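Notes for the one structure printed next.
The values are calculated or read from the model by the stated rules, or taken from the named source; none is laboratory data. All values reported here derive from a predicted model rather than from experimental measurement. Cβ: placed from backbone, ideal geometry, glycine included. Neighbour counts: every protein chain shown. All accessible areas refer to the heavy atoms of the entire protein, side chains included, with ligands and DNA or RNA removed. Shrake-Rupley method; radii C 1.70, N 1.55, O 1.52, S 1.80 Å.
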Amino acid sequence: MGKRKVRKSPKDASSVVGLKEGHKEMIPPEKYNGFSFAAIGLVVAVCVVPLTAEVSTSGHPHQKHIVLRMDTAFLTVNNELDTDLVVSWMSERCYQCLYQQLGVVHAGPSPGQPSSVDFVVSTQHEITVQLNSTPVNLELCTVPFHFGEHGNYSLWVKNLNDSSVVNCSIVTDADPVNSYIPILVASLIFAGLALVSAIGKAILGLDVVKGILFRIAGSMETERLINSELGSPGRPVAPVTDNILPPPPSPSKRLRSLDTFRGISLVIMVFVNYGGGRYWFFRHSSWNGLTVADLVFPWFVFIMGTSIALSVNSLLRAGSTRTSLLGKVVWRSLQLFIIGVFIINPNYCQGPLSWDNLRIPGVLQRLSWSYLVVACLDLLVARGHLDILTTDACWSPGLDILLYWPAWLCVLLLEIAWLCFTFLLPVPDCPTGYLGPGGIGDMGLYANCTGGAAGAIDRWLLGENHIYQNPSSRVIYATHMAYDPEGVLGSINSILMAFLGLQAGKIILHYRDLHRSIMSRFLIWGLFLGVISAVLTKCSTDQGFIPVNKNLWSLSYVTTLACFAYVLLVLVYYAVDVKKWWSGAPFYYPGMNSILVYVGHEIFEEYFPFRWRMANSQSHAEHLTQNLVATSCWVFISYVLYRKKIFWKI
């Protein structure tokens, strides 16, 4: 036992789990696939059902030999009062939630001899522990605290100086471990590799080194020609010269920054899908708000829209007809949908597809739908020959929008439809326009209203068994309704996200080679979308008109992530294509083979070297190592495929 010390200034919040009678440890979280892997990983850790409780009358915490799992700590509640206590909890991340009961701590058998009950608590977020007396259920005190992983804590409840005032204080019996050290070590390792790579590249760029390498390469080439049939008598040998002319420029120059941006999104996506080291910020937000895992999918949709603008323009200039391109768009969308439903689907592990509970929505399905609509809109208005928009007229800055007003009109009508369905569609037993998670949120008044109109449409149109069964809202809000974050209504806003990416492509096309104009317009769009987000959210997580919510793919979620995408694209574009400070490696390679990497990482997730049996499955370090190795393997595979010029196009 470490030296006891009282924590007077608690930090962040968490959720609490008790110990249920008859069980000696917590039930391990189940493993499952897909973007919403965050839900199951924490359901057990925040479950409000107590697990076990042992009472000690010795006045000291009864130390149980329990092996703590990751993101948990040990809490002993000591009751020195002459009344029983009801222990409840509420997470700081749970907006307008009910307190959830942990258990009861009985009064001590005699004065000076407290009774003690042991609990396991989660350490991911701050919580508020509430203590009520029984049987009148009078609140005695509340204690906000952020528990540390594998720490050992005691909560003492006593009367202050023999008065009626109840004092509640948390004492640290054993210090927690620093669970973030593995991330720090991994960051230093990758930073070191990047530094070594940069130094090596700088050394190879020196004139002296290039001269040595050129002489070595020249001598080797001369020897090869002498020993080959090209150097045999009767065949003239082309003279070796230093004046090597570059190939003529391609009319359709490929921007490395776009593939690099796509690769950044994809690599983070693979990493969080594999588990992200089991850290909470690499899991999807339970409802409102953002984590790292919530960023990457919209960015992938955004850059897909940018690629649509460039590819359609290139094909039209090459002489392809709009009808033939429409056929290719429909076929590609159908392929993406089929792959998403029949290949990347957790039901395949049950043998032949179980049609009774086959999940219809999904990541690739949403990509296929967004691609189909946005590509069709672009085919409607795209031009094969574009003028560089440099006129001085007052309306010239808006030409890249005005030239495509029919497509913008269609997108605005779709967004109006989303707003009408979301805020005007009546949902049985739920308030109209409800955007909450249900469950214990909103004081438990709308437990069966998860997702409001979005959830109701999916359950009515697709059936409850054909949508996602373990949404991330179960983590903190204890919801029990099925809800799909890739559902029907949210697909309208994914179209908007792709269309905003399409606008970035139009800017690149109309202001080609005018780097300052391209970057300034990217920043203007980022500022404009950021202002819209600030208005919609009132700069808060839960109290805005339309909160940022990945599960709903809310309008503010799209504008916020599109704002981030424009700013990030400016940085990558400037570093890769303008200044050429960075080649885009290693993200450039998976960005060139994005479909293959995404489908491959889903199919081969359970195979070595992407997964192996761990010595300690409750270690962040081992999970992080495994997930980083798996992600790095796909980066290496994409590099090898790039060198072999193998690209999977559908």
Examine region 83-94 for a residue that is modelled with pLDDT of 90 or more and among the basic types (Lys, Arg), and state whether such a residue exists.
yes
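Would region 512-519 turn up any residue that is among the hydrophobic types (A, V, I, L, M, F, W, C) and open to solvent by 20 Å² or more (accessible area, probe 1.4 Å)?
Checked against the condition, which is being among the hydrophobic types (A, V, I, L, M, F, W, C) and open to solvent by 20 Å² or more (accessible area, probe 1.4 Å), region 512-519 yields at least one hit.
Return yes or no: is SER179 touching a helix residue (DSSP H, G or I) at 6+ places or on another chain (Cβ under 7 Å), among the hydroxyl-bearing types (Ser, Thr, Tyr) and not in a strand (DSSP E or B)?
Working: touching a helix residue (DSSP H, G or I) at 6+ places or on another chain (Cβ under 7 Å): yes; among the hydroxyl-bearing types (Ser, Thr, Tyr): yes; not in a strand (DSSP E or B): yes.
So SER179 passes the test.
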Over region 601-613, the set of residues crowded, with 18+ Cβ neighbours inside 10 Å and either in contact with a helix residue (DSSP H, G or I) (Cβ under 6 Å, 6 or more places away or on another chain) or of a type outside the set (Asp, Glu) (or both) is HIS601, PHE610
With the structure loaded, tell me whether THR422 is more than 28 Å from VAL374 (Cβ to Cβ) and either open to solvent by 10 Å² or more (accessible area, probe 1.4 Å) or of a type in the set (Val, Ile, Thr) (or both) or whether it fails that test.
no
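Each row is one residue, and each column tells you yes or no for (1) within 26 Å of HIS385 (Cα to Cα); (2) open to solvent by less than 40 Å² (accessible area, probe 1.4 Å).
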residue	(1), (2)
LEU310	yes, no
ARG322	yes, no
LEU325	yes, yes
VAL329	yes, yes
LEU334	no, no
Consider SER491 carefully, then state whether it is open to solvent by 10 Å² or more (accessible area, probe 1.4 Å), among the polar types (S, T, N, Q), assigned to a helix (DSSP H, G or I) and without any contact (Cβ under 8 Å) to a residue 24 or more places away in the chain.
no
Of the residues in region 453-468, how many are in contact (Cβ under 8 Å) with a residue 24 or more places away in the chain and assigned to a loop (DSSP other than H, G, I, E, B)?
3
Suppose we filter region 455-474 for residues that are open to solvent by less than 10 Å² (accessible area, probe 1.4 Å) and not hydroxyl-bearing (Ser, Thr, Tyr); how many remain?
4
Take region 613-645 and flag every residue that is modelled with pLDDT of 90 or more, of a type in the set (A, V, I, L, M, F, W, C) and out of contact with any His (no Cβ under 6 Å at 6 or more places or on another chain).
ALA621, LEU624, LEU628, VAL629, ALA630, CYS633, VAL635, PHE636, ILE637, VAL640, LEU641
Residue check: is VAL136 surrounded by fewer than 17 Cβ atoms within 10 Å (Cβ to Cβ), of a type outside the set (Ser, Thr, Tyr) and either in contact with a Gly (Cβ under 8 Å, 6 or more places away or on another chain) or modelled with pLDDT of 85 or more (or both)?
no
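Taking TRP525, is it open to solvent by 10 Å² or more (accessible area, probe 1.4 Å) and among the aromatic types (Phe, Trp, Tyr)?
yes
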Being free of Cβ contacts under 8 Å to residues at least 24 places away in the same chain and crowded, with 17+ Cβ neighbours inside 10 Å is true for just one of THR479, THR537, THR432, THR450. Which residue is that?
THR537
Contact list please: Cβ distance under 9 Å, first residue in region 629-650 and of a type in the set (Phe, Trp, Tyr), second residue modelled with pLDDT under 95 and not in a helix (DSSP H, G or I), pairs at least six apart or on different chains.
TRP634/PHE610; PHE636/PRO586; TYR639/ALA585; TYR639/PRO586; TYR642/ASN593; PHE647/ASN593; TRP648/ASN593
Is at least one residue of region 614-624 closer than 22 Å to LEU364 by Cα, in a helix (DSSP H, G or I) and not aromatic (Phe, Trp, Tyr)?
no
I'm trying to understand the selection: among the residues of region 257-300, which are more than 11 Å from the chain's Cα centre (by Cα), among the small types (Gly, Ala, Ser) and closer than 27 Å to LYS580 by Cα?
SER257, GLY263
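Evaluate region 590-607: report whether one residue or more is among the aromatic types (Phe, Trp, Tyr) and farther than 25 Å from ASN470 by Cα.
Within region 590-607 (the criterion being among the aromatic types (Phe, Trp, Tyr) and farther than 25 Å from ASN470 by Cα), the answer is no, since none of the residues qualifies.
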Filtering region 257-272 down to residues that are closer than 27 Å to GLN618 by Cβ and surrounded by 24 or more Cβ atoms within 10 Å (Cβ to Cβ) yields MET269, VAL270, VAL272
